[in-house]
Structures are given as structure tokens and as C-alpha cells.
Amino acid sequence: MSTTSAPVSGRLAALRTALAAQSLAGFVVPLTDEHMSEYVGEYAQRLAWLTGFGGSAGSAAVLDGRAAMFTDGRYTVQVRQQVPADQFEYQDVPATSAAQWLADHAVPGQRIGHDPWLHTRQWAAGTAALLHAKGAELVAVASNPIDAAWTDRPQPSAAALEVHDEQFAGRSHADKRADVAAWLQARGADAVVIAALDSIAWLLNVRGRDVARTPVALAFAIVHADASVDLFIAPGKISAALRDHLGSDVRCQPREAFDTALRAMAGKVVAADPQGCVAAIFAGLEAGGAHIIEARDPCVLPRAIKNPVEIAGTKAAHVRDGAALTRFLAWFDREAPRGRLDELSAAERLRQFRNETNSLEDLSFDTISAAGPNAALPHYRVSEETNLPIRMDSIYLVDSGGQYRDGTTDVTRTLAIGTPTPEMQDRFTRVLKGHIALASAVFPAGTKGVQLDALARQHLWAAGLDYNHGTGHGVGSYLSVHEGPQRIAAAWSAQPGNDEPLQPGMILSNEPGYYKTGEYGIRIENLVLVETRDVPGAERAMLGFRELTLAPIDRRLVALDLLNAQERGWWNAYHARVVAEIGPLLVDAADQAWLDQACAPL
């Protein structure tokens, strides 16, 4: 169901009025916050408020007489359902961008606004150059005009900061701070600005509840070469226990003092990540006379390479989560043929199974509970308006995960209700073959995600098919379900991470798919751990993947004649692990019997 034009039209008019008050002819609206986050708090959902778009990636550009919405291939259908076509043009990324569209349509003399707390310096410089070539100007606004138009905008979360105990973190925050200090000293730097919320959470062994589904707190940090930290955070978030945890080397200051602190770094050599720190941070440092080193956030790589405690924790979380998912799959198999389920009720029952573990802190993202044609939307989000019944002789796709103190999960299963068509079985099996090829890969140390991506697509390509999203993303340890820097995606992908060498201890997803618009969608997703591989006679270090996710894959969708002996062997070995590790956690005899049948050898 499409978003109605009336509220969007009124909001666009209110924004244009606010722009006129600042003598601006246009404005760019990204989906991010002051920390360049993928998932943001309600207070930062400016794009959703303006356009009605509910996806997790996109942007909009607004001019006096026209506006455009920019999304990638994951949201081609969704954006047309949610954003009214009589208010916004639909533009495909990476074929174009908000910056290029503005340059194409701006006229000489126009002033186009952007919020420097929501864009990188590189984006601002590139967009300014494009507009300058047209005689227009990019202007950094002092206050976001959407905030003036959005009269009932929520306040940032006031939730308390929480200690993430060392029994889960595996290292003390003093140890991590010492590593960052050594990193600074090696570069001759005095301090580094840390803006990424998951980096701050990882560094200080803290978690928060300021962003739905992602356990982080709104804060900035400046880490000094003596391993001390200035943490800029709302004072009400800091309890006595939290102060004791942080100790005297971490000084807590109000979040509002951050910009002043940047401008007080005169003569200091300060490192900042050009991808994670917004343009306003660089402007503050420059205004204060700091000498800036552009460098990647020093927390990014050690956060991605899980230590032994984190690895043990995520394995335990996946067994626990796999048991909850298996209970759901058994329940679904019994209930779906009765014709009484819909997308919302299925998602809620899955949440209940996870909650019954008594360890669930939150979901790791809003469950993608997608029946029939909705399954063809890779990042579909069910609502009362879009909720479909789950019907016989159809496909149901469920992509879900949990946040546990010891780990973060993300898993997709595609389920047949009734009898699947031969085409469904063919497409599913091609996806499965790609999944197995990637899962089975052995590769030299130094291999990058882009070099592995084709393994997952090859059997779809052989039939002239493909999918329009990445194959794998990194995952945190009780942190963001999408974590860099590692990634597995095609070379045409515009997102960073493809060039990051995979290293032991990294966690990634393995999730090829296929989507037939208007009919059905297929995705098989397990999380995997990068491990060393002992290859007889190898002349260099070799790596491979170990499955973390443990839950049955629906055998009814498999075209057995398309699987070779190696692929059948993988299937049987994987499902034997599922029975061995998940079976002991099932207390209901009916669930155990269902699991045994679902995991029987091919």
C-alpha cells in the first residue's frame, strides 16, 4: 500500500518554508545521524518523517519545485510502495546520487543546504564541486531545517549507559585504551576522535539502549595518547556503578561540550576517520587550529576480529538462538497449513520463542517476516498495512536475529507451505548451491570479500539470474548486526568493505538469494566465522569458514537432482551438527521428532 500524498505533501511544504527562512533553494536529507550510523534513534528519522520511506538506507533531495528519493536495488519495490510518486522522483543508486541529481537540476545562484553533522567531509567537498560547476553553492546550515518543520520530533533517548562485563568482552577497557594509545604514539598523534557508537561501546566495554535493535548509547569520545578518554554523553546516563567501571581515566562531559572540545585542540595532532566522522567534526578541529591526520578509526579492526571469549560467547548465543528458531520452525510447520497465520503473528511467535530463552536483550533488527510477493522485497518490513496471510502452496521468508549479552545473531530461512513449484525448487537449489560453495571455500590469507562473492552467485548466473544485494556483512558481538570493515559483495557494489582482507576471528553472513518481483523471494543465511585451515602441503596460510548458525534448511525446496555429491555431503554434515547441538536443548518430544525428520540425510 502506497503512502498517501497528503501528509508527505504537507511536510514537504513545511520544509520548503523552513528552507526559505534560511534563504535556501534546496536541501539534502540522508538517513543517518551525527555518528554516521546505519541504524538511528527515533529523533534522527528525518528521512522517514519527510518521505514515508521505512528502509534502512536511502536519501532525499529537495528543491523548490521538485524532489527525489534515492535508494539502491534492495528497495526498488519498497520505495515505490511507501513514497508517493507525485511528490518524489525515484532515483536508483549507484546509477546516480543525490549530489549528481542536485547538480543536474540546480540553477546558477541557488544555495543548497546540508547539515554538516549528517555528512562526511568528502561528500560535502564532492557535492560542492558539482554544484559550483553549475554556478550553485553548497551551504552548511547551523540548524537542520527539518527539525524546524518536524514539530513533534522525539527527543534523543535518555536510557542509562550499561556496563558490558569483561566475562563477555574478553578484554578490559584499560587494555583496549592502551592499544589505542600505542596506535596514536606510533603516528605521532596526541588524540583521536571516535564518533562511531559501536566503537565507543566496544572500546569502553559499555552498551546502551538509545537505538532500537542496536545496544549503543549516544556519545562522542576523544582518546588521548596517555590512554585517557574524554567521553561526551548526557550526564543522566551515567550511574555510580558506571562511573566505577570507567574509572578516573575516563572523564565524562556533557554531550553538548563536544564541539567546544574540538575547537580547543590548538596545536594538537588529532586523528579522525573520514568515513566515520562527519564534516562538522573536521570543521571544529580546523577552526580550533588542530593538525588533522585522516586515519581509520583504530577500534574498527580489533572490534571486527573477535577474541576467544567473544568467539565462545557467539557460539553459545547461536546454539541458544538456533534452538529457539528450531522450535519456531517446528511450530510453523504444524500451524501454517491451517491457514490462520499471517506475517505479523508469525514474527511475534518467533519473538516469543527467543524471549523464552530468558537471555534475549532485544531483536538484532526488525524481523523480515515476508509471505508470497512480500518475500521478493529483500529488506521488507511488515506493518499492519502490508501484513499478508500465509497461504498454502507458497513461500514464506523469515530473516531474523537476537541480541544476547554473549553474541548477536542473524539468520534467514525460506519455508515452503504446501507444494512448491518446480521453478521455486530450481531457484532455491541454485541459491543453496551458491551458499554451499561459499561456506566450503578455502582461500589464502589476504583474500578479500570481493574475490569470494562470485562463488555464491555462479549457479544463478548459469541460469541468467542474480540478486541485487551483497552476499555477506560483518556482525558484532552484542553490537550492530551490520558491522565493518569486512564484507562480501560484488565489485559493482558502492559500499565500502569489499577490499578488506578477511582475518581469523571475523564474523560474516553468507546470504545469497533470488527474488521474483510480485511472486516470491528466497534467501538462505547463516553466520560464519573465519578460521585458519590446515591444508596438507599448503605453501601459505589458508583460511575457511565455520558455520555459527545452526537451524534446519527446508529440504522440501531442494531439487535433489541439481546437487552433486560434495553438496549433499555438506548438507548432511551440517544437519548432523544441527541435530547434535540443537537437539539436546529441545524439551518437547514433538519438536525433537520434527528436528530428526527435518535433518535426516539426503
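The values are calculated or read from the model by the stated rules, or taken from the named source; none is laboratory data. What you are looking at is a predicted structure, and each value in this text was computed from that prediction instead of being measured. Here the Cβ positions follow ideal geometry from the backbone for every residue, glycine too, while neighbour counts run over all protein chains shown. For accessibility, only protein heavy atoms count, side chains too; no ligands or nucleic acids. Shrake-Rupley method; radii C 1.70, N 1.55, O 1.52, S 1.80 Å.
Under 5 Å from the amide H of Ile488 lie the amide H atoms of Thr471, Gly472, His473, each residue being 5 or more positions distant or on a separate chain, with H modelled from the backbone and absent for Pro and chain starts.
When you work out D = kT/(6 pi eta Rh) for region 487-581 at 10 °C and 1.306 mPa s, using the Kirkwood radius from C-alpha pairs as Rh and the Stokes-Einstein form, the result is 99 µm²/s. DSSP bridge analysis restricted to region 61-210 gives an antiparallel fraction near 35%, rounded to the nearest 5. If you sort Trp461, Trp150 by accessible surface, 1.4 Å probe, largest first, the order is Trp461, Trp150. Take every DSSP beta bridge whose two residues both sit in the chain; close to 75 percent of them are antiparallel. For region 549-601, the normalised intensity computed at q = 0.24, 0.27, 0.32 Å⁻¹ comes to -0.92, -1.08, -1.33 (log10 of I(q)/I(0), Debye sum over alpha carbons, equal scatterers, no solvent). In region 98-163, taking the dipole from charged Cβ atoms about the Cα centre, the farthest positive-side position among Leu131, Ala149, Ala160 is held by Leu131.
Calculate the all-directions average of the projected area of region 351-508's alpha-carbon convex hull, and give it in nm². Can you show the working numbers first?
Numbers: hull surface 43.1 nm².
Quarter of the Cα hull surface area: 10.8 nm².
Please report the base-10 log of the normalised intensity I(q)/I(0) for region 226-383, using a Debye sum with one equal scatterer per alpha carbon and no solvent, at each q in 0.12, 0.14 (1/Å). Log10 of I(q)/I(0), two decimals: -0.85, -0.96. For Asp86, the solvent-accessible surface computed with a 1.4 Å probe is close to 100 Å², ligands and nucleic acids excluded. Under the classification rounded if a/c is under 1.5, otherwise prolate if a/b is larger than b/c and oblate if not, where does region 381-439 fall, given a ≥ b ≥ c as square roots of the Cα gyration tensor eigenvalues? Taking the square roots of the gyration eigenvalues as a ≥ b ≥ c, region 381-439 is oblate. If I model region 186-304 as equal point scatterers sitting on the Cα atoms and use the Debye formula, what is log10 I(q)/I(0) at q = 0.11, 0.22 Å⁻¹? Debye output, listed in q order: -0.34, -1.38. With a 1.4 Å probe and all protein chains left in place, how much of the accessible area of region 455-553 comes from carbon and sulfur atoms, in whole percent? In region 455-553, the share of accessible area belonging to carbon and sulfur is 50 percent. Using Cβ point charges alone (K and R +1, D and E -1), the dipole size of region 127-173 about the Cα centre works out to roughly 280 debye.
Angle check, please: helix 173-186 long axis (alpha carbons) against the longest principal axis of the chain (alpha carbons), in degrees 0 to 90, nearest 10. Once rounded, the angle reads 60 degrees.
Compute, for region 192-295, the length of the dipole vector about the Cα centre, with Cβ point charges of +1 (Lys, Arg) and -1 (Asp, Glu) only. Units Debye, rounded to 20.
Dipole size: approximately 320 debye.
Computed from the alpha carbon atoms alone, the convex hull of the chain holds 159 Å³ per residue.
Return the ratio Rg/(2.2 N^0.38 Å) for region 56-199, where Rg is computed over Cα atoms only. Working shown, then result.
Details: Rg = 20.7 Å, N = 144, 2.2 N^0.38 = 14.5 Å.
Normalised Rg, Cα atoms only: 1.43.
Helix 449-461 axis versus longest C-alpha principal axis of the chain: approximately 50°, rounded to the nearest ten. When a/c is below 1.5 the answer is rounded, else prolate if a/b is larger than b/c, else oblate, so apply that to region 148-233 with a ≥ b ≥ c taken from the square roots of the Cα gyration tensor eigenvalues. In terms of gyration-tensor shape, oblate.
With the whole protein complex present, Glu38 retains an accessible surface near 60 Å², based on a 1.4 Å probe.
Projected area of region 229-277, taken from the Cα convex hull and averaged over every viewing direction, in nm²? Please list the in-between numbers first.
Values: hull surface 17.4 nm².
Quarter of the Cα hull surface area: 4.3 nm².
What the Cα convex hull of region 431-541 gives, in volume per residue, is 116 Å³. Over 30 Å apart at the Cα level, from the set Lys237/Lys448; Lys306/Lys433; Lys134/Lys448, are Lys237/Lys448; Lys134/Lys448.
Accessible area ranking (1.4 Å probe, heavy atoms, ligands and nucleic acids excluded), largest first, for Arg413, Arg327: Arg327, Arg413. Accessible-area rank, largest first, for Leu602, Leu329: Leu602, Leu329, with all protein chains present and a 1.4 angstrom probe. Accessible surface area normalised per residue over the chain is 38 Å², counting heavy atoms of protein chains with a 1.4 Å rolling probe. When a 1.4 Å probe is rolled over the protein heavy atoms, the share of accessible surface on region 15-109 that falls to carbon and sulfur comes to 51 percent.
Kindly list the residues of region 306-348 that lie in the label zone of Asp596, defined by a backbone N under 20 Å from the point 7 Å along the Cα-to-C-beta vector. Under 20 Å, as judged by backbone N against the label point of Asp596, lie 323-324, 326-334 of region 306-348. For the chain, the relative contact order works out to 11 percent when only alpha carbon pairs closer than 8 Å and six or more residues apart are counted. Remark on Glu483: its backbone amide H falls under 5 Å from those of Gly474, Val475, Gly476, a criterion applied only to residues 5 or more positions apart or on other chains, H modelled at 1.01 Å from N.
Cross-link partners for Lys268 among the lysines, with Cα-Cα distance under 23 Å and sequence neighbours closer than 8 places in the same chain left out: Lys176. Heavy-atom surface analysis with a 1.4 Å probe gives region 271-407 a carbon and sulfur content of 49 percent of its accessible area.
Which value, in debye to the nearest 20, describes the size of the charge dipole of region 243-310 about its Cα centre when Lys and Arg Cβ atoms bear +1, Asp and Glu Cβ atoms bear -1, and nothing else is charged? Numbers along the way, then the final one.
Details: 8 positive and 9 negative charges, 18 e Å.
So the magnitude is around 80 debye.
Peptides 239-245, 197-203 ranked from most to least packed by the mean count of surrounding Cβ atoms within 10 Å: 197-203, 239-245.
Once the Cα atoms of helix 422-439 and of the chain are each reduced to a long axis, what angle between those two axes, in degrees from 0 to 90 to the nearest 10, is obtained? Computed tilt is about 70 degrees.
Packing-based ranking of 87-97, 228-238 yields 228-238, 87-97, ordered from highest to lowest mean Cβ neighbour count within 10 Å.
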